[in-house]
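The structure under discussion appears below in the form of structure tokens.
Computed from the coordinates by the stated procedures, all read-outs in this text should not be read as laboratory data. On a predicted model such as this, the values are computed, not experimentally measured, just so you know. Glycine also receives a Cβ, built like all others from the backbone with ideal geometry; neighbour counts cover every protein chain displayed.
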Amino acid sequence: MTEINSDLVIQRTDLAGSQIDNEMVFFNQNTGKYFATGPVGAEIWEYLTMPRSIGQICDHLLTKFEVDRATCETEVRSFVGDLIEGGIVTTAS
């Protein structure tokens, strides 16, 4: 898992992505790899049109899904780390 060294993350705008039902599927042309998310991942992707912190992402998700804050933060950090590693999102200052 990639450690998040920035307070903010934002979606990359140069990726080919499609929403299929409640999921997102991306193709990273630089790596030649596909990346798919479930409904929560799609919600996170849609929310990252502006730079957001892990806390802001969790605040948003807590209004949409039944999850406690500690679990949300752990899962979001892991997921965002995977997105960074996959080249789907990038860190922002």
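Among residues of segment 9-28 that are in contact (Cβ under 8 Å) with a residue 12 or more places away in the chain, those with a Cβ under 7 angstrom from a residue that is crowded, with 17+ Cβ neighbours inside 10 Å and among the basic types (K, R), sequence gap 6+ or separate chain, pair up as V9/R52. Candidates are the residues of segment 35-60 that are in a loop (DSSP other than H, G, I, E, B) and of a type in the set (A, V, I, L, M, F, W, C); the one that is surrounded by the fewest Cβ atoms within 10 Å (Cβ to Cβ) is M50.
Name the single residue that is surrounded by the most Cβ atoms within 10 Å (Cβ to Cβ) among those in segment 18-34 being charged (D, E, K, R) and in a strand (DSSP E or B). Applying the filter and picking the extreme gives E23. For segment 8-17, the set of residues classified as in contact with a Phe, Trp or Tyr (Cβ under 7 Å, 6 or more places away or on another chain) and either surrounded by 14 or more Cβ atoms within 10 Å (Cβ to Cβ) or closer than 13 Å to T90 by Cβ (or both) consists of Q11, L15, G17, listed by residue number.
Note on segment 68-93: residues that are part of a loop (DSSP other than H, G, I, E, B) and either among the basic types (K, R) or surrounded by fewer than 16 Cβ atoms within 10 Å (Cβ to Cβ) (or both) total 2.
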